[in-house]
Amino acid sequence: MATIKVGDLEIGGQQKIMIAGPCSIEGRDQLLQIAREVKARGAHILRGGAYKPRTSPHSFQGLGPQGLFHLKEAAEETGLITVTEVMELDELDLISKYADILQVGARNMFNYPLLKRIGRTEKPVLLKRSFMATIEEFLLASEYILKEGNHRVILCERGIRTFEQMTRNTLDLAAVPIIKKMSGLPVIVDPSHGTGRSDIVLPMAMAGLIAGADGIMVEVHPNPKKALSDGLQTLDFPRFEELMEEFHNLCQYLNKAEEQRSSRTMRGAAS
């Protein structure tokens with residue numbers, strides 16, 4: 001199984017990773033407040049969108065370059081690694097200067113020119129599964145990046161579109177072990193987009209870890225009702241604190257279970 005090194009952080013190893021932050025970077029003070037909070041609770045990576053692919057052209061589209069400046073400042077103050085989305089080829093060089101990890105969102109999973117161009121960089125890439133993609137299509141999209149020479153690819157299951165209307169998407173947990181086995185790459189689960197409901201982000205995050213995910217990605221905001229995007233699926237600070245408590249507890253349990261499995265395997269081999 002491949003591991004991806006980003007600074008001192010190893011993604012895909014024994015340690016489970018928490019990625020947290022706002023859907024959209026709305027301003028300097030907002031992002032710094034969120035970065036400090038998620039850092040204090042144990043998050044490893046700060047997420048935040050400077051460029052936003054919105055369904056409606058009338059919705060908030062992001063701060064653009066100014067958002068990148070805020071992201072860099074938050075990273076420098078907190079020491080958090082950062083990830084933000086790349087939507088167009090023209091944005092790639094600028095975003096690469098300000099973010100540690102490049103994200104290809106669900107809507108761009110089929111943007112093969114973008115995937116190939118990112119494949120020629122040395123930046124780690126978080127590739128999200130499209131809500132209309134099969135597992136095979138998702139894996140083949142990752143091959144566009146890998147084929148160009150960039151093997152620092154992290155895959156993200158973020159839900160698929162089904163006929164169910166009680167959730168925004170259906171989080172495909174069965175895909176997690178399949179994708180890990182077939183790709184050999186680290187896999188992250190995004191229960192915020194995978195459900196569209198902040199009230200069930202926590203249980204689905206825990207389910208993702210049990211399914212074998214190498215980390216979780218969630219959206220956090222001091223006041224989700226006033227968030228400029230995706231407020232319904234965003235955790236406020238108390239809910240994020242609760243999530244992190246459960247996250248740490250489950251990670252400890254999973255590590256112990258893995259140690260016990262390894263011990264049994266070694267005893268079996270010795271006998």
>> Tell me yes or no: at least one residue of the range 159-170 is surrounded by 13 or more Cβ atoms within 10 Å (Cβ to Cβ) and small (G, A, S).
In response: yes
>> Looking only at helices (runs of 4 or more DSSP H) that lie completely in the range 158-271, which have at least 2 residues being closer than 22 Å to V38 by Cα and either hydroxyl-bearing (S, T, Y) or touching a Leu at 6+ places or on another chain (Cβ under 7 Å) (or both)?
In response: 191-195, 201-210, 237-270
> What single numbered condition from (1) free of Cβ contacts under 8 Å to residues at least 60 places away in the same chain; (2) under 16 Å from M18 (Cβ atoms) fails to hold for L209?
Replying inline: (1)
> Hey, R47 hits all of (1) in contact with a Pro (Cβ under 7 Å, 6 or more places away or on another chain); (2) closer than 24 Å to H248 by Cα but one; which does it fall short on?
Replying inline: (1)
>> Of everything in the range 197-235, what is among the acidic types (D, E) and surrounded by fewer than 16 Cβ atoms within 10 Å (Cβ to Cβ)? Give them in sequence order.
In response: D199
> Between a first residue in the range 90-109 that is touching a residue at least 60 places away in the same chain (Cβ under 8 Å) and a second residue that is of a type in the set (S, T, Y), which pairs have beta carbons less than 6 Å apart while being 6 or more apart in sequence or on different chains?
Replying inline: D100/T82; A106/S130
> List pairs: first in the range 71-88 and under 16 Å from V6 (Cβ atoms), second outside any loop (DSSP other than H, G, I, E, B) and of a type in the set (S, T, Y), Cβ under 7 Å, 6+ apart or cross-chain?
Replying inline: L71/T82; L71/T84; L71/Y98; K72/Y98; A75/T82
> Based on what the data block shows, is A43 surrounded by 16 or more Cβ atoms within 10 Å (Cβ to Cβ), touching a residue at least 12 places away in the same chain (Cβ under 8 Å), in a loop (DSSP other than H, G, I, E, B) and out of contact with any helix residue (DSSP H, G or I) (no Cβ under 6 Å at 6 or more places or on another chain)?
Replying inline: yes
> Looking at the range 49-65, is at least one residue touching a residue at least 60 places away in the same chain (Cβ under 8 Å), within 15 Å of L32 (Cα to Cα) and within 15 Å of the chain's Cα centre (by Cα)?
Replying inline: yes
> Among the residues of the range 55-75, is any crowded, with 24+ Cβ neighbours inside 10 Å, at pLDDT 95 or above and part of a strand (DSSP E or B)?
Replying inline: no
>> Restricting to the range 86-121, and then to whatever is in a loop (DSSP other than H, G, I, E, B) and at pLDDT below 95, can you tell me which residue is nearest to T162 (Cα to Cα)?
In response: M87
>> I want to confirm something. Restricting to the range 171-194 and keeping residues that are more than 14 Å from the chain's Cα centre (by Cα) and small (G, A, S), which single residue is surrounded by the most Cβ atoms within 10 Å (Cβ to Cβ)?
In response: A175
> Is it the case that some residue within the range 44-57 is touching a His at 6+ places or on another chain (Cβ under 9 Å) and small (G, A, S)?
Replying inline: yes
>> Just to be sure I understand, how many residues within the range 120-138 are over 16 Å from N169 (Cα atoms) and out of contact with any Ser or Thr (no Cβ under 6 Å at 6 or more places or on another chain)?
In response: 9
> Under 8 Å by Cβ, and 6 or more places apart or on different chains, what pairs join a residue from the range 180-201 that is in contact (Cβ under 8 Å) with a residue 60 or more places away in the chain and charged (D, E, K, R) with one that is buried (at least 23 other Cβ atoms within 10 Å of the Cβ) and in a strand (DSSP E or B)?
Replying inline: K180/V187; D190/K128; D190/C156; D190/E157; D190/I216; D190/M217; D190/V218
> Mind checking which pairs have a first residue in the range 10-34 that is farther than 20 Å from K225 by Cβ and a second that is surrounded by fewer than 24 Cβ atoms within 10 Å (Cβ to Cβ) and at pLDDT below 95, Cβ under 7 Å, 6 or more apart or different chains?
Replying inline: G12/M1; G12/A2; Q14/N255
>> Pull out all pairs, ordered by first then second residue, where Cβ-Cβ is under 6 Å, the residues are six or more apart or on different chains, the first lies in the range 139-150 and is farther than 15 Å from N111 by Cβ and of a type in the set (A, V, I, L, M), and the second is surrounded by 15 or more Cβ atoms within 10 Å (Cβ to Cβ) and at pLDDT 95 or above.
In response: L139/S183
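The values are calculated or read from the model by the stated rules, or taken from the named source; none is laboratory data. What you see is a predicted model; the values in this text were computed from it and never measured. Glycine gets a Cβ as well: all are built from the backbone with ideal geometry, and neighbour counts include every protein chain shown.
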